[in-house]
1. Here are some conditions: (1) β-branched (Val, Ile, Thr); (2) touching a Pro at 6+ places or on another chain (Cβ under 8 Å); (3) farther than 27 Å from residue A:98 by Cα. Residue A:157 meets all but one. Which one does it not meet?
2. Could you tell me which of the residues A:161, A:148 is aliphatic (A, V, I, L, M), surrounded by fewer than 22 Cβ atoms within 10 Å (Cβ to Cβ) and within 27 Å of residue A:268 (Cα to Cα)?
3. If I ask for residues that are buried (at least 18 other Cβ atoms within 10 Å of the Cβ) and over 15 Å from residue B:32 (Cβ atoms), which ones from the range A:257-269 would you list?
4. Looking for whichever is in contact with a Cys (Cβ under 8 Å, 6 or more places away or on another chain), more than 25 Å from residue A:18 (Cβ to Cβ), touching a residue at least 40 places away in the same chain (Cβ under 8 Å) and buried (at least 18 other Cβ atoms within 10 Å of the Cβ) here; the options are A:208, A:273, A:220. Which one fits?
5. Could we say that residue A:201 is away from chain B (no Cβ under 14 Å) and more than 19 Å from residue A:270 (Cα to Cα) here?
6. Among (1) surrounded by 23 or more Cβ atoms within 10 Å (Cβ to Cβ); (2) free of Cβ contacts under 8 Å to residues at least 24 places away in the same chain, where does residue A:77 come up short?
7. If you check residue A:72 against the conditions, is it of a type outside the set (A, V, I, L, M, F, W, C), farther than 24 Å from residue A:206 by Cα and either assigned by TED's automatic domain parsing to the domain that holds residue A:235 or in a helix (DSSP H, G or I) (or both)?
8. Might you let me know whether the range A:231-247 holds any residue that is in contact with a Pro (Cβ under 7 Å, 6 or more places away or on another chain) and either in contact (Cβ under 8 Å) with a residue 40 or more places away in the chain or more than 26 Å from residue B:48 (Cα to Cα) (or both)?
Amino acid sequence: MSASLILKYAIELVAVLLLALGIKGLSKVRSARGANQLAAVAMALAVLGLLINYAGDGGIAATAWIWIIAGTLAGGILGAITAQRVPMTSMPETVALFNGCGGMSSLLVALGVALFPEAGGSDLVAVVSIVVSVFVGAITFTGSIVAMAKLQGWLSTPAWMQSRLRHAVNIALAVLSLVAAVKLIASGEGAQGLWLLVIGSGLLGIGVTLPIGGADMPVVISLLNSYSGVAAAAAGFVVGSQLLIVAGAMVGAAGLILTQVMCDGMNRSLVSVLFGGALGATSGGG
Amino acid sequence: MFVEFLWVLLLGSLLGLELIGKVPPTLHTPLMSGANAISGITVLAALTLIIKAGDNSVLLALGAVSLGFALFNVIGGFLVTDRMLAMFSRKPARKENR
């Protein structure tokens with residue numbers, strides 16, 4: 001075990017601990033702000049650990065550094081500006097936007113490894129994790145963008161989407177994604193199945209989110225947030241990063257609990273939020 | 001290797017299930033936002049993709065775009081959470097001063 005590897009493991013352990021403490025602290029008013037900063041430090045540590053490991057293990061090419069810096073500057077600056085400018089009244093949609101981008105990131109990593117297996121692997125585990133990452137990542141992205149657009153008032157639900165027909169459409173999309181997934185896993189590779197999966201799951205994200213009313217949107221965003229954790233964990237399997245798996249699983253599970261807590265707070269069940277539509281309108285009234 | 005990863009997944013999920021119990025309603029949105037920022041940890045996957053890409057310029061570009069999206073999530077997420085939390089941590093402090 002090289003020194004840089006040991007250092008990486010040590011940093012990763014500290015990062016996981018801080019992330020867990022961060023999520024825990026965020027659920028109490030007094031500790032919330034500090035916990036958020038703690039989680040941010042943990043994230044920086046995780047990135048540092050990864051860079052140290054690769055720098056010690058064969059080095060990082062100059063071209064790679066250029067792309068890393070370009071991506072960092074673009075994403076970081078845009079994120080900082082968005083976070084500063086957005087009005088306090090539109091927080092849920094901002095979270096939805098950020099969340100969608102997280103899902104997109106996992107999706108792109110999985111696409112990259114699927115198109116060029118030399119960057120990850122092409123065994124069964126790699127293909128299955130690519131499929132999960134693409135599927136969940138695409139749903140997270142399109143679902144979050146639809147949630148944001150609906151909260152902003154840019155989108156209204158078309159009438160046919162509120163009829164029972166939407167269940168048939170969504171089931172068809174789910175079946176399409178499933179077929180594409182099976183095709184991908186069975187054949188090992190094949191760009192056709194890959195794009196079919198991207199399109200199918202992307203449309204499924206839209207179809208599932210679009211009929212849901214504005215009042216229920218925060219719950220949906222919380223659920224999509226949980227999904228983006230799952231997508232991150234799947235991406236962790238794709239690139240072989242244990243830290244990514246832990247953090248993704250933690251966010252996925254904690255997000256699920258938070259979704260349940262938010263449902264309870266609104267006196268709604270998760271099922272009625274997700275599939276209710278007209279049913280929810282008769283019982284909830286508005 | 002794969003079995004180790006499954007254990008990591010299982011234990012991470014269990015930890016996540018236990019981390020939050022009762023959450024006061026005012027903290028729902030900030031907690032969601034904070035957890036969302038943490039889910040941007042896919043920066044690690046994007047960075048790995050770029051580093052392992054070698055001379056493959058398509059992969060480099062894909063990785064960089066992915067890194068951009070992930071960092072947009074992370075930086076924006078943590079800053080926006082801080083803004084939300086700063087808003088209601090200020091009020092009690094002012095009362096104490098008076």
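The values are calculated or read from the model by the stated rules, or taken from the named source; none is laboratory data. Everything quoted here is computed from the prediction, not taken from an experiment. All Cβ positions, glycine included, derive from the backbone under ideal geometry; neighbour counts span all protein chains shown.
1. Failed condition: (3).
2. The conditions single out A:161.
3. To start, the set of residues in the range A:257-269 that are buried (at least 18 other Cβ atoms within 10 Å of the Cβ) comprises A:257-259, A:261-263, A:268.
A:268, the sole residue that qualifies.
4. Values: A:208 fails: in contact with a Cys (Cβ under 8 Å, 6 or more places away or on another chain); A:220 fails: in contact with a Cys (Cβ under 8 Å, 6 or more places away or on another chain).
Testing whether each residue is in contact with a Cys (Cβ under 8 Å, 6 or more places away or on another chain), more than 25 Å from residue A:18 (Cβ to Cβ), touching a residue at least 40 places away in the same chain (Cβ under 8 Å) and buried (at least 18 other Cβ atoms within 10 Å of the Cβ) leaves just A:273.
5. Values: away from chain B (no Cβ under 14 Å): yes; more than 19 Å from residue A:270 (Cα to Cα): yes.
It is true that residue A:201 is away from chain B (no Cβ under 14 Å) and more than 19 Å from residue A:270 (Cα to Cα).
6. (1)
7. Values: of a type outside the set (A, V, I, L, M, F, W, C): yes; farther than 24 Å from residue A:206 by Cα: yes; either assigned by TED's automatic domain parsing to the domain that holds residue A:235 or in a helix (DSSP H, G or I) (or both): yes.
Spelling it out, residue A:72 is indeed of a type outside the set (A, V, I, L, M, F, W, C), farther than 24 Å from residue A:206 by Cα and either assigned by TED's automatic domain parsing to the domain that holds residue A:235 or in a helix (DSSP H, G or I) (or both).
8. no
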